[in-house]
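Input: a single structure, listed below in structure tokens.
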Amino acid sequence: MTQSTDIAQRIIDNVRRVIVGKDSVVEKSLAALVARGHLLVEDVPGVGKTTLAKSIAISSGCTFQRIQFTPDLLPTDITGVSIYNQKTGEFQFRPGPITGHVILSDEINRATPKTQSALLEAMEEHQVTVDGVTHPLPRPFFVVATQNPIEYEGTFPLPEAQLDRFLLRISLGYPGFSDELDVLDRQERSNPIESLKPVCTPDEIIALQDEARTVHVDRLVRNYIVQLVQDTRSHSDVALGASPRASLAFMGTARALALMRGRDYVLPDDIKELAQSVLGHRIIVSASARMRGLDSNGIVDELLSRVPVPGVRRPVA
């Protein structure tokens with residue numbers, strides 16, 4: 001685990017040169033990449049959502065593509081299009097910006113549902129189908145989508161099927177006083193991201209992804225995961241609970257987090273730490289609960305306090 005931890009720490013340290021005072025967010029973002037998932041960043045403008053995605057791409061040696069979602073964006077603007085070549089008499093596929101390693105889907109909820117759905121196949125199956133022909137996407141493949149929670153004019157809320165495909169939802173939040181001063185000092189003459197260099201290769205990221213799947217998850221921890229997810233479905237204030245994809249998200253991300261921290265087994269504390277990011281966007285709160293001011297974060301907190309936390313057993317060598 002030492003080499004894997006070293007690679008992960010190099011990436012985190014590199015990103016921290018740009019993203020100040022948000023160590024937990026940076027770690028979770030990298031965990032989503034290592035777990036072969038995708039990331040939804042929901043926050044106000046100007047807190048570093050785009051910078052976070054770009055710095056992860058640069059640090060990992062991956063290609064970076066940015067898609068600005070707008071109401072007039074078409075699905076083919078994302079996936080690519082087949083164009084007829086008069087010289088050869090054949091159709092040639094011209095790939096869209098989705099065919100990169102790290103894809104920033106900026107302000108994803110400004111595009112129409114039809115355009116948003118162009119990401120569904122890519123995010124789940126790591127491929128795109130254009131005119132009946134399937135084109136595989138490169139590894140690693142990591143979608144970072146951003147949306148602004150305070151702007152509702154001209155937006156189209158993400159459907160449940162789209163939200164469920166994001167492994168984690170995170171929020172950067174405003175920096176503290178000293179951190180914001182640090183940002184001013186670091187960017188006095190230039191933006192640190194301009195001098196950011198890769199600290200690993202895409203092949204090393206793939207190796208991390210493969211190794212994360214070998215991290216041990218005890219039966220007691222698996223029971224804890226399933227109990228948390230199942231309780232979202234029976235909660236009186238929840239109109240629609242989390243799907244089995246949430247249980248898989250818990251296990252995959254917890255494995256990645258454990259690997260990055262130098263462990264070959266998952267702790268219940270890993271699950272508790274990830275609960276808001278895994279479950280928050282997968283729970284639809286009932287109308288009566290919303291009228292009482294209850295949101296998904298409050299329900300997750302209640303579940304964490306109610307569901308018994310198991311002990312942990314180290315894997316037998």
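Quick note: the coordinates plus some simple rules give every number you see, no bench work behind them. Predicted model only: the values in this text are computed from it and were never measured. Backbone-built Cβ (ideal geometry, glycine too); neighbour counts: all protein chains shown.
General observations
- Once the mean of 1/r is taken over each pair of separate Cα atoms and inverted, the chain shows a Kirkwood hydrodynamic radius of 20.7 Å.
- Using C-alpha pairs under 8 Å with a sequence gap of at least 6, the mean separation divided by the residue count of the chain gives a relative contact order of 23 percent.
- Averaged over residues, the count of other Cβ atoms within 10 Å places the peptides 246-256, 92-102 in the sequence 246-256, 92-102, highest first.
- Dividing the Cα radius of gyration of region 213-309 by 2.2 N^0.38 Å, with N the residue count, gives 1.09.
- 5 angstrom amide H check on Leu104, placed H, neighbours 5+ away: Gln65, Arg66, Ile67, Val144
- CD proxy at 222 nm, helix term only [per DSSP H run n ≥ 4: -39500 (n - 2.57); per residue of the chain; nearest 500]: -13000 deg cm²/dmol
- For Pro192, net neighbour charge (Lys/Arg +1, Asp/Glu -1) across residues whose Cβ lies under 13 Å away: +1
- Which listed pairs, of Lys114/Lys197; Lys54/Lys87; Lys49/Lys114; Lys22/Lys197, have C-alpha distances above 29 Å, in listed order: Lys114/Lys197; Lys54/Lys87
- Local net charge near Leu104, Cβ-Cβ under 11 Å (Lys/Arg +1, Asp/Glu -1): +1
- Charges were assigned to the Cβ only: +1 to each Lys and Arg, -1 to each Asp and Glu. The resulting dipole of the chain about its Cα centre is roughly 620 debye.
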